1. Please state which of the following conditions LEU37 fails to meet, knowing it meets all the rest: (1) in a loop (DSSP other than H, G, I, E, B); (2) touching a His at 6+ places or on another chain (Cβ under 6 Å).
2. Being of a type outside the set (D, E, K, R), within 20 Å of ARG323 (Cα to Cα), part of a loop (DSSP other than H, G, I, E, B) and open to solvent by less than 10 Å² (accessible area, probe 1.4 Å) is true for just one of GLY455, GLY420. Which residue is that?
3. Identify the single condition in (1) in a loop (DSSP other than H, G, I, E, B); (2) more than 13 Å from the ligand (Cβ to nearest atom); (3) of a type in the set (D, E, K, R) that LYS198 does not satisfy, given that it satisfies every other one.
4. Could you give me the residue pairs with C-beta distances under 7 Å whose first residue belongs to region 28-50 and is basic (Lys, Arg), whose second residue is part of a loop (DSSP other than H, G, I, E, B) wherever it lies, and which are 6+ apart or on separate chains?
5. Testing MET361 on (1) open to solvent by 20 Å² or more (accessible area, probe 1.4 Å); (2) more than 30 Å from GLU289 (Cβ to Cβ); (3) modelled with pLDDT of 95 or more, one condition comes back false. Which one is that?
6. I'd like the full set of residues that are in a strand (DSSP E or B) and either surrounded by 18 or more Cβ atoms within 10 Å (Cβ to Cβ) or of a type in the set (A, V, I, L, M) (or both), limited to region 337-358.
7. Take region 262-290 and flag every residue that is surrounded by 22 or more Cβ atoms within 10 Å (Cβ to Cβ) and closer than 17 Å to PHE186 by Cβ.
8. Would you tally the residues in region 239-258 being in contact (Cβ under 8 Å) with a residue 40 or more places away in the chain and either outside the structural domain of GLU289 (by TED's automatic domain parsing) or assigned to a strand (DSSP E or B) (or both)?
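The values are calculated or read from the model by the stated rules, or taken from the named source; none is laboratory data. Since the structure is predicted, the reported quantities are computational estimates derived from the model, not experimental observations. Don't worry about glycine lacking a Cβ; one is built from the backbone with ideal geometry, like all the others, and counts go over all protein chains shown. What goes into the accessible areas is simple: the full protein's heavy atoms, side chains included, and nothing from ligands, DNA or RNA. Shrake-Rupley method; radii C 1.70, N 1.55, O 1.52, S 1.80 Å.
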Amino acid sequence: MSDTVNAINLKHEEAKNKANQEINRRKDTIKKSRYRLHYHFMAPVGWINDPNGLVQYKGEYHLFYQFYPYDAKWGPMHWGHAKSTDFVHWEHLPVALAPSEDYDSGEVTGYGCFSGSGVVYGEELVLIYTGHVDNKEPMQVQCIATSKNGIQFEKYPQNPVIDVYPEDGSADFRDPKVWSHDGKWFMVVGSHKNGKGKALLYVSNNLKDWAYVGVAAESDGTQGDMWECPDLFPLQDYHVLLVSPMYGKQNEKPFYVIGDMDYEKGVFTQQLARTLDYGYDFYAPQTFEDDKGRRIMIGWMEKWLAKMPSQEHGWAGAMTIPRELILEGSTIVKQKPVTELENLRTNEKHYDSLVVENEWMVNDMDVSTEVMINFDLHETTASLFGIQLRCSADGNERTDIILDAARQEIILDRNKAGVGEKGISKAPFTINDDGTVQIRIFMDTTSLEVFVNDGEQVITNRIFPDEGSKLFKLFSKDGKVCVSRMSSWSLNTVRE
Ligand code: FRU
């Protein structure tokens, strides 16, 4: 090893060790927090945001994430790391990346190893990330780090591998997503110019030397003035682009676009953009393909600048459940919770042909439960109907999921849901040919993910109700609602 390699990686090792010690020092205290989720991925301590580097390496799934171990708020970014063989049980691993070099650290407030991706190259697991230093010129550059065992990562001595943004972009130039196609590596990087968010395309033969190709896709003028975390990947006969857009300083709901990728020209032709998730707490999703050919997506289940009650307990942020993306025709991407989650099921209950007028109540449903409900709209006369969950006995605390059949709209109302953020999320839904609408809910201690009609639409929100608020009700207004079948399963706790 040359002296430069040693010097770089000595500093890096020191920074990682310090972070690992901090995790060990605090992790037992954090476990006691009543807001900890039962089966969603969380960091052992501190703050997490975007999922990074999703990849399958030597048969195991690796999840990296934006991580600040020293506090429950955003700070100099590290890459936390965990692995799993089933998407349910995650083993925490040592911090993979810590800020240590002039391109990812400094005497400023904002710096670190920003979001990026992971790929398998020969025997190695390679991470491609953005080095960020506030006020530096250029502020954001692309870097790589490699590992021979999938645990210890060394920064490449010749970093950065892309040391300046191209003419089509600007100083905001981050979140490289890398994939291989026809024996070459391709990368999209999020950026903007002249008020339009952009995904900039690069190509390489070795992950080290990158050539700029051009703008693969950009905002049509209404889709954000900065694109974060672009992800471009093949799905069946098409390509799909995911974007987490910013409007000024505001982050908005990620969207997806189905289209065709012309690798010769380096251009992705865009069709209609659709919202990926109508909830408040879903951002910076990333995908990867596993060895079963599934395209799996995980998102950050939290929102920038939101009130996060768990911060009082020394931690913040979690990941959504992993969702398989499935293309329906050429217009809709459905999100299907990975089937492995069914292994968490216990205490199964079924109810057939329920007819509810006003209210029907299940006493105390577990706080981590999966519920599947088929509403039969042919037989339903109510104008509004739906579900109330995490209700207190006096009814003052609750979260409502309301279906408005006339408007074909589903509404998730968390205004009375407890101590977290309030607000109403709305998503459109379609009525199936047989007159049914299917709702599948994943409840955890402080989260809700609602999948409509096999994941045609999804709403993800954090809620922070009292532990004792456990009642589950079906309700109808001005008429009856018919449920052809309702099933529920308690979901096992898998966190440490
Ligand atoms: C998205 C994001 C990315 C950036 C990272 C920093 O949530 O802003 O664009 O790389 O978070 O933590």
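1. So LEU37 meets the others, but not (2).
2. Working: GLY420 fails: within 20 Å of ARG323 (Cα to Cα).
Step by step, each of GLY455, GLY420 is checked, and only GLY455 is of a type outside the set (D, E, K, R), within 20 Å of ARG323 (Cα to Cα), part of a loop (DSSP other than H, G, I, E, B) and open to solvent by less than 10 Å² (accessible area, probe 1.4 Å).
3. (1)
4. Hits for this filter: LYS31/GLU496; ARG34/GLU467; ARG36/MET42; ARG36/THR445; ARG36/ARG495.
5. Result: MET361 passes all but (3).
6. PRO337, LEU354, VAL355, VAL356
7. Step one: of region 262-290, the residues surrounded by 22 or more Cβ atoms within 10 Å (Cβ to Cβ) are 268, 276-277, 279-288.
The answer is PHE268, GLN286, THR287, PHE288.
8. First, the residues of region 239-258 that are in contact (Cβ under 8 Å) with a residue 40 or more places away in the chain: 240-246, 251, 254, 256-258.
From what is left, the residues that are either outside the structural domain of GLU289 (by TED's automatic domain parsing) or assigned to a strand (DSSP E or B) (or both) are 240-246, 251, 256-258.
Number satisfying all stated conditions: 11.
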